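Asker: Below is a structure I'd like to ask you about.
The values are calculated or read from the model by the stated rules, or taken from the named source; none is laboratory data. Fair warning: this is a prediction, and the values are worked out from it, not measured in the lab. Reconstructed Cβ throughout: ideal geometry from the backbone, glycine too, with neighbour counts over all protein chains shown.
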């Protein structure tokens, strides 16, 4: 299902789909009822076909719901695992330090560059 969970304000880190879930029945010409787990009981179980995606068996692309603490807005806080690299980008008037961050439940290829000051505020123990 597309767009169910959000990662704070960074849309680029949002998982595109979650699941797989079993389709129970066809409700209309373009709507389907999906068997959702109890953790997603706040969602209406009927979805338009454009929000569904055929499940291709690739376990690296599936984010498990078990063990994930969802807020009331169906979002979750991602946990930083390691800092992989550091670089300083020179702008016209200042230098901006960035760190390459590996997140939990993500592959190394999915590591993101974040502003070092923001990461230092949230995770000061990693910089001591």
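Asker: Just need a number here: residues in region 115-128 that are at pLDDT below 90 and not in a helix (DSSP H, G or I).
Answerer: Result for region 115-128: 2.
Asker: Determine the pairs where a residue that is within 21 Å of residue 43 (Cβ to Cβ) and in the same structural domain as residue 107 (by TED's automatic domain parsing), located within region 66-91, has a partner that is surrounded by fewer than 11 Cβ atoms within 10 Å (Cβ to Cβ) and at pLDDT 90 or above with Cβ atoms under 6 Å apart, the partner being 6 or more residues away or on another chain.
Answerer: No pair meets every condition.
Asker: Might you check whether a residue that is surrounded by fewer than 12 Cβ atoms within 10 Å (Cβ to Cβ) and at pLDDT 85 or above occurs anywhere in region 95-105?
Answerer: Checked region 95-105: at least one residue is surrounded by fewer than 12 Cβ atoms within 10 Å (Cβ to Cβ) and at pLDDT 85 or above.
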